[in-house]
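> Below you will find the structure I want to go over with you.
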Amino acid sequence: MAEPQTQPSLTVLVPMYNEEAVLELFYEELNRVIETIPGIDFTYLFVDDGSRDASLSIVKNFATNDPRVTYLALSRNFGKERALLAGFDHVTTDAVVVIDADLQDPPALIAEMVDYWQQGYQDVYAQRRSRKGETWLKRATSNAYYRVLQSVTRVEIQANTGDFRLLDRACLDALTRFRETERNTKALFSWIGFRKQAILFDREPRAAGRSKFNYRRLTNLAVDGITSFTTTPLRVSGFFGFIVSLVAFVYLLVIVLQALLFGSDAAGYPSLMAVILFLGGVQLMSLGVIGEYVGRIFNETKDRPNYLIGESNLPGGVDHDGGP
Ligand code: UDP
Ligand code: MG
């Protein structure tokens, strides 16, 4: 006799924020793909990250006709990183696929991910071969960022990789142990390790709606990525301070000797000004770097919940705690 309980189970986790324009299309496309993958119990978990449009009611609509659809609505917009954590906390299946709602991550890849998962890979991530519909500047800054991040850490960073991936239970259990508030999930994926496998794909432009990540948000994400990953900037500013003091000391010797041997004509206002301004700049920069870390300590010590849940149709009701 067939025992459906023994089938491996998988949750498709969809963070969404004001995605009413694409949700229907996304859901159709996802269903089409899921039907072609036999032998797996699928659940959908939509995490509504405080959308101010009709996204949540559209998902509730899905849920009334489709028992596989579950949702979790955060009490406000917490950002994608925390929306993902909320999702991870509430996934009960053997694995999860994280996918954007805007069809930039083609659902068709899920079949391939599941294949690799069944071969024993624990983190099957989609790697972009090309990035259509993104400006030259966005590509260049993103490339430079990966290079900087990789150069300051021993952990291997997967370049050109987003959050679109399949994670095994082992990875999920690891990720939910990271409760830091300024999260950079991408860095965490690299940090946890496990058996990783890449799938190459061409990233399409958004099907509809607008990107929520402008340069300000991307810059914040990048700074979080580096400061949550490594204390190298602190060491660099210390090193820089050391070099500057060394040069200043040599220069000091030179002028003292000069004054002793040849007498002083008390000139040098421009060089004095240059040195003062330069040192002032270096000091402010180093203070800024230290401040960045002190700020993080401050935020972590507050020990606030990462997110709050407004409503949900998950079994067991709403746990407003924001914890696992
Ligand atoms: N998203 C979210 N909370 C936010 C911003 C975005 O849950 O505060 C979701 C969004 O709905 C989408 C995914 O994260 O499903 C990726 O966002 P977006 O497409 O705007 O980013 P991009 O693809 O431009 O990097
Ligand atoms: Mg997108």
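The values are calculated or read from the model by the stated rules, or taken from the named source; none is laboratory data. Computed from a predicted model, the values in this text were never measured in an experiment. Counting neighbours? That spans all protein chains shown, and the Cβs are built from the backbone with ideal geometry, glycine included.
> Name the one entry in Val33, Val96 that is touching a Ser or Thr at 6+ places or on another chain (Cβ under 7 Å) and away from ligand 2 (no atom under 16 Å from the Cβ).
After ruling out the rest, the residue left standing is Val96.
> Return a yes/no flag: does segment 54-68 have any residue that is away from ligand 2 (no atom under 16 Å from the Cβ), within 19 Å of Glu204 (Cβ to Cβ), of a type in the set (Asp, Glu) and modelled with pLDDT of 90 or more.
no
> Could I ask something else about it? Filter segment 83-136 down to residues that are β-branched (Val, Ile, Thr) and free of Cβ contacts under 8 Å to residues at least 24 places away in the same chain, then give me how many there are.
1
> Only one of these is free of Cβ contacts under 8 Å to residues at least 24 places away in the same chain and more than 11 Å from ligand 1 (Cβ to nearest atom): Arg210, Arg216. Name it.
Being free of Cβ contacts under 8 Å to residues at least 24 places away in the same chain and more than 11 Å from ligand 1 (Cβ to nearest atom) holds for just one of Arg210, Arg216, which is Arg216.
> A further question on this structure: Exactly one of (1) free of Cβ contacts under 8 Å to residues at least 40 places away in the same chain; (2) in a loop (DSSP other than H, G, I, E, B) is unmet by Asn77. Its number?
(1)
> Can I ask one more? Need the failing condition index for Ala108 against (1) surrounded by fewer than 21 Cβ atoms within 10 Å (Cβ to Cβ); (2) in contact with a Pro (Cβ under 7 Å, 6 or more places away or on another chain), just the number.
Of (1) surrounded by fewer than 21 Cβ atoms within 10 Å (Cβ to Cβ); (2) in contact with a Pro (Cβ under 7 Å, 6 or more places away or on another chain), only one is false for Ala108: (2).
> Can I ask one more? Go through (1) of a type in the set (D, E, K, R); (2) surrounded by 13 or more Cβ atoms within 10 Å (Cβ to Cβ); (3) within 16 Å of ligand 2 (Cβ to nearest atom) one by one and return the number of the condition Asp224 breaks.
(3)
> Got at least one residue in segment 240-253 being of a type in the set (Phe, Trp, Tyr) and under 30 Å from Glu19 (Cα atoms)? Reasoning before the result, please.
Within segment 240-253, the first condition is being of a type in the set (Phe, Trp, Tyr), and the residues that meet it are 240, 242, 249, 251.
Next, only the ones that are under 30 Å from Glu19 (Cα atoms) stay: none.
No, the conditions are met nowhere in segment 240-253.
> For segment 176-200, give me each residue that is away from ligand 1 (no atom under 14 Å from the Cβ) and within 20 Å of Arg128 (Cβ to Cβ).
Ala187, Leu188, Phe189, Ser190, Lys196, Gln197, Ala198, Ile199, Leu200
> Does Ala111 qualify as being of a type in the set (A, V, I, L, M), modelled with pLDDT under 95, more than 16 Å from ligand 2 (Cβ to nearest atom) and in contact with a helix residue (DSSP H, G or I) (Cβ under 9 Å, 6 or more places away or on another chain)? Walk me through how you get there before you give the answer.
Working: of a type in the set (A, V, I, L, M): yes; modelled with pLDDT under 95: yes; more than 16 Å from ligand 2 (Cβ to nearest atom): yes; in contact with a helix residue (DSSP H, G or I) (Cβ under 9 Å, 6 or more places away or on another chain): yes.
Criteria met by Ala111.
> With respect to Arg203, is the statement that it is closer than 25 Å to Asp123 by Cβ, surrounded by 14 or more Cβ atoms within 10 Å (Cβ to Cβ), more than 16 Å from ligand 2 (Cβ to nearest atom) and among the charged types (D, E, K, R) true?
no
> Hey, another quick one. Looking only at segment 81-93, count every residue that is of a type in the set (A, V, I, L, M, F, W, C) and more than 16 Å from ligand 2 (Cβ to nearest atom) and tell me the total.
Going through segment 81-93 one residue at a time, the tally reaches 4.
> Continuing with the same structure: Which of (1) under 12 Å from the mean Cα position of the chain (by Cα); (2) assigned to a strand (DSSP E or B); (3) of a type outside the set (S, T, N, Q) is the odd one out, the single condition Phe201 does not satisfy?
(1)
> Checking Leu45 against (1) in contact with a Leu (Cβ under 7 Å, 6 or more places away or on another chain); (2) more than 16 Å from ligand 1 (Cβ to nearest atom): exactly one of these is not met. Which one?
For Leu45, the exception is condition (2).
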